[in-house]
Each structure stands twice: as C-alpha cells, then as structure tokens.
Amino acid sequence: MTPGELFRYDVRGYMVIKNAIEPDYLRLLNEHLDRWEEKAFAAYKALPEEANKDVRYNDILNQEPALLELAANEKLIPYLVEMIERPRLKSTWLTFRWRGGRTGYHSNHTPSVTHDFYHFNGRIRHNLMNVMYAMRDIGPGAGGLRVVAGSHKANYAIPEREDIADLLVEITMDAGDALLFSHDMGHCSLNQSDQVRRIVMMTYCPGVIANSYGGDALYDTLFEAAPEASWLKYLLRRPHGFMETYPQPQNGSPASP
C-alpha cells in the first residue's frame, strides 16, 4: 500500500479498488451467478410482502467453485497483508437485493469493548475486514454501501434514536470493483432502484479468530486441494489461535507452488 492509501483508509475506514476483477473473469463469474439469481428470484417471489427484499447464500465459496480465485485475489493480497495480522478467510456470501432490500445500520465498534475494534499502533490492524465485490454497476440509490466515514474510531456511541442520515455517505461502484472496509465502521444499505443488486462478500480476520459458522473445518476440502505455498492455501487454513501451523507466503503477491 502507498502512504496515501494508508492515510485515506485510516481516516475513512474504507477504500475502493477499481477493476479488482479482470473483465474475462467477471463475465465468467456472472454467467455462473445468473443461475444463482434464477434460484434467488424464486425465493424472492415467495417472500411475504413485509419481508426484506434480499436473498442471501452463506458459505458461497464451498458451493460455487468459480468464485475460488476471488478468495486469494492477487490485487487484494497486499492490502490484506498490510492491515490484518496473519490474515485468514472468515466468511463468504452472495446476495441479490431487489427494490426495498436493505441492511440496517450496524458495526462491531463500540467506544468501550476493546476486543471489538480496528486499531493503530504503528500499523493498521483489523479484527474483521470486509471485501464487497460489485458484480454489476451499483449507481446512486442502487444499494451501494452507506457509511459513516471514520466511525470505526469514534469515541462516543450513537445516542439512542439519533438521526444520523446527514452523516451517511453512499459508495457507488462499477462492476468488478472491490470495496474494502473495516466492519468497525458504521454502515448500512438500501436498494431504491429497479436494478437487482448482485454482490459477493468475503471477510478476512486475523488467524487467531474462529469462523462465524461451519466450525474450524469450514474450508478443509478447499484447503487440501489448494496448491502448496500458495496464498489461497494460506488464507483457507484453519484458525489456530496463536499456534499457527502453516507458513505465510513471503511476498505480497500469490506464491506459486
């Protein structure tokens, strides 16, 4: 990362990596995701009128092999290595969001719970970094992430029932872009358009943090099949607390076996 990137990320809590997915790979992925959207549309039509207009598939990496390359995207490896201590893939999901689909405002951060925070002590460190891939353009009002920039370092909790709409910044994206953001930054989203928002989300954490679901063995099958000494194999390893058993590749780009 450049000094300018580090400064801006530290201040804002997010950054957009343009063209993080190569055009040919993006086309291939969207061909696969078209089939998922057909399935999601059937689920969407069955939703009650008052339901959130959002269909989500958790643990998508174990279900859609075409996405595997994204887990160790060579354009993102330098950012993961710079800002996460011994990074590891934590969770993956795929979502389709129709008009009215939303995510309520939330974050990990509190001013007082010291294990739930982004911090700086000579170097940026995350407990959870989210990577949101736009598989289609996400223009204004089309469900882009809305954030309170800098709130990952806020010293005060949001007062109860406080209206913070004036603080929200909507992040637009082009298809193939990746949005990196600290989960400690307050964020939400709402699709107010007629376009179906299609995103892939991958989250990364330090090697000491366990998986949210699926247990330690969540990625074992993918780990065994990954090339030795590759970033993919490293990122898919089990959480081991402070007893790491697999060496981190030495460079900031994927290692070849």
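Descriptive notes on the structure:
- Number of the condition not met by Leu190 [criteria: (1) within 22 Å of Lys53 (Cα to Cα); (2) open to solvent by 10 Å² or more (accessible area, probe 1.4 Å); (3) in a loop (DSSP other than H, G, I, E, B); (4) touching a Lys or Arg at 6+ places or on another chain (Cβ under 9 Å)]: (3)
- Within the range 210-227, the set of residues being part of a loop (DSSP other than H, G, I, E, B) and either closer than 22 Å to Ala66 by Cβ or not charged (D, E, K, R) (or both) comprises Ala210, Asn211, Ser212, Tyr213, Gly214, Gly215, Ala217, Leu218, Tyr219, Ala226, Pro227.
- Qualifying residue in the range 157-173 (condition: surrounded by 16 or more Cβ atoms within 10 Å (Cβ to Cβ), in contact with a helix residue (DSSP H, G or I) (Cβ under 7 Å, 6 or more places away or on another chain) and in a loop (DSSP other than H, G, I, E, B)): no
- Meets criteria (hydroxyl-bearing (Ser, Thr, Tyr) and open to solvent by 30 Å² or more (accessible area, probe 1.4 Å)) for Ser182: no
- A count restricted to the range 193-208 and to residues that are within 27 Å of Lys153 (Cα to Cα) and part of a loop (DSSP other than H, G, I, E, B) stands at 2.
- Within the range 64-81, being in contact with a strand residue (DSSP E or B) (Cβ under 8 Å, 6 or more places away or on another chain) and either farther than 14 Å from Val200 by Cα or part of a loop (DSSP other than H, G, I, E, B) (or both) holds for Glu64, Asn73, Lys75, Leu76, Tyr79, Leu80, Val81.
- Among the residues making up the range 219-238, those that are open to solvent by 20 Å² or more (accessible area, probe 1.4 Å) and either under 15 Å from Arg88 (Cα atoms) or without any contact (Cβ under 8 Å) to a residue 24 or more places away in the chain (or both) are Asp220, Leu222, Phe223, Glu224, Ala225, Ala229, Leu232, Arg238.
- Every residue from the range 6-34 that is within 17 Å of Glu74 (Cα to Cα), part of a helix (DSSP H, G or I) and open to solvent by 50 Å² or more (accessible area, probe 1.4 Å): Pro23, Asp24
- Scan of the range 139-156 for residues that are under 16 Å from the mean Cα position of the chain (by Cα), in a strand (DSSP E or B) and surrounded by 23 or more Cβ atoms within 10 Å (Cβ to Cβ), ordered by number: Val147
- Within the range 58-92, considering residues that are touching a helix residue (DSSP H, G or I) at 6+ places or on another chain (Cβ under 8 Å) and open to solvent by 40 Å² or more (accessible area, probe 1.4 Å), the one nearest to His183 (Cα to Cα): Glu82
- For the range 35-57, a residue qualifies if it is within 29 Å of His109 (Cβ to Cβ), open to solvent by less than 70 Å² (accessible area, probe 1.4 Å) and of a type outside the set (Ser, Thr, Tyr), and the qualifying residues are Ala51, Asn52, Lys53, Asp54, Val55.
The values are calculated or read from the model by the stated rules, or taken from the named source; none is laboratory data. This is a predicted model, so every value here is computed, not measured. Counting neighbours? That spans all protein chains shown, and the Cβs are built from the backbone with ideal geometry, glycine included. Only protein heavy atoms, including side chains, enter the accessible area calculation; ligands, DNA and RNA are left aside. Shrake-Rupley method; radii C 1.70, N 1.55, O 1.52, S 1.80 Å.
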